Structures are given as C-alpha cells and as structure tokens.
Amino acid sequence: MLIARVIGEMVSTEKHPSHVGRKALVVQPLDLDGTNRGDPVIAFDAVDAGVGDQVLLVTEGFSAMTSVQRPESPIDMAVIGVIDWIDLDALAQTPAAHRK
C-alpha cells in the first residue's frame, strides 16, 4: 500500500463494462515526508475520496478489484481509505526493542 494525494478525477465515456458506475481518481503517490513519489496514477475510488484528500492506495490487482466490488475487472489500483493523520513521532519515541 502507498500514501497518495488525490489531485483530480478522470471521466471516460468509453470503458470496460465492469468500470461503469465507478469513480476514477488521479492520485499522486507520496513519500512519508509528503513529497511526490513518482508519477501520478489512475485508481478507482472505494471510499468517496475527493480532490485534496490524502488517501491509502492499493497497487495490487486482486486487492484493488475486490475493494471496489469488481473481482473480475481489469483494475490494478484502488483508493481504499482517507487518511486523517500520520504520526511518525510515535515510532521515533518507541524504544528500538519494541519496534516490529
């Protein structure tokens, strides 16, 4: 899974029949510091995310297909969560012996 930011929506009038009724988002994968990680990608939306939201992105076909209830569909990425916050300080303050 990756952290990403929704930067747009994609509209397609011609598409695979299994994609009808699904919202496609343009998302920019991010590093933990919030900087862009690679190029933007297209992902189907399973959580009603919107432009500007920081989201959780799955990048494996089966996980993506099942998260949008399309198990036989040609999908390889899906937005499966809207991130409220990320707390990296908690990890930094945990003794190394307790980290897994």
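Just so it is clear, none of the values below were taken in a lab; they were calculated from the coordinates. What you see is a predicted model; the values in this text were computed from it and never measured. Cβ coordinates were reconstructed from backbone atoms using ideal geometry, including for glycine residues, and neighbour counts include every protein chain displayed.
Things to note:
- Residues Asp31 and Met10, FRET efficiency given R0 of 35 Å [Cβ-Cβ distance, rounded to 0.05]: 0.90
- Extending 7 Å from the Cα toward the beta-carbon at both Ser18 and Trp85 defines two label points whose distance is 3.9 nm.
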